[in-house]
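The values are calculated or read from the model by the stated rules, or taken from the named source; none is laboratory data. Everything numeric in this text was worked out from a predicted model, so none of it was measured. Methodologically, a virtual Cβ is constructed for each residue, glycine included, from the backbone with ideal geometry; neighbour enumeration extends over all protein chains shown.
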Amino acid sequence: MNQSSEAGLSAPAQRLSAEAPLEGRPMGERSTGELVKLVAEQVSVLVRDEMKLAQLEMTRKGKEAGTGIGMLGGGGVIALYGVACLIACAILAIAHAVPAWLAALIVGAALLLLAAIVAAAGRRHMKRATPPMPREAVESIRTDVDAVKESVSRESANRERARR
């Protein structure tokens, strides 16, 4: 696993594979028990680091979703004010045939435009937060698993060649 940067490992996996061999011996001179112990330790650290990564990613997505929901709610409140102004406009237009209704119409239209802008921004934030799955952590774990499989098969092939 010394070629970790070439194999595209995540940062935790690169750190683990870059550690010096136990007792200063190369990987090929270790017993199976030592290798199993080393793998178990490294997998434990790797899983912990990947869980931290997933937690951070989910926290970030949760904050994005919260911002989006707040903006959508704000857009809804602004739209409510726009509808109230349009209703006031209709009342003024019927009750008085004066230019005051035109002012109410302009204000109502402006509020609805503002509501559309805020709702669109909230929708954009919601799209960034979905799906609520830590994609980066999942991809990192897949990369690590593929690298471990490749390393194990390479090590098995090397041991098989050494036996012959």
Condition broken by residue 52, with the remaining ones in (1) under 28 Å from the mean Cα position of the chain (by Cα); (2) modelled with pLDDT under 90 satisfied: (2)
Is it true that some residue in segment 75-89 is touching a residue at least 24 places away in the same chain (Cβ under 8 Å) and either touching an Asp or Glu at 6+ places or on another chain (Cβ under 9 Å) or closer than 30 Å to residue 57 by Cα (or both)? yes
Given the conditions (1) at pLDDT 85 or above; (2) under 22 Å from the mean Cα position of the chain (by Cα); (3) surrounded by fewer than 13 Cβ atoms within 10 Å (Cβ to Cβ), every one holds for residue 11 apart from (1)
Checking the structure you have, find out if any residue of segment 120-131 is within 22 Å of residue 56 (Cα to Cα), of a type in the set (A, V, I, L, M) and outside any helix (DSSP H, G or I). no
For the subset of segment 110-130 comprising residues that are farther than 16 Å from residue 66 by Cβ and modelled with pLDDT under 85, which member is surrounded by the most Cβ atoms within 10 Å (Cβ to Cβ)? 111
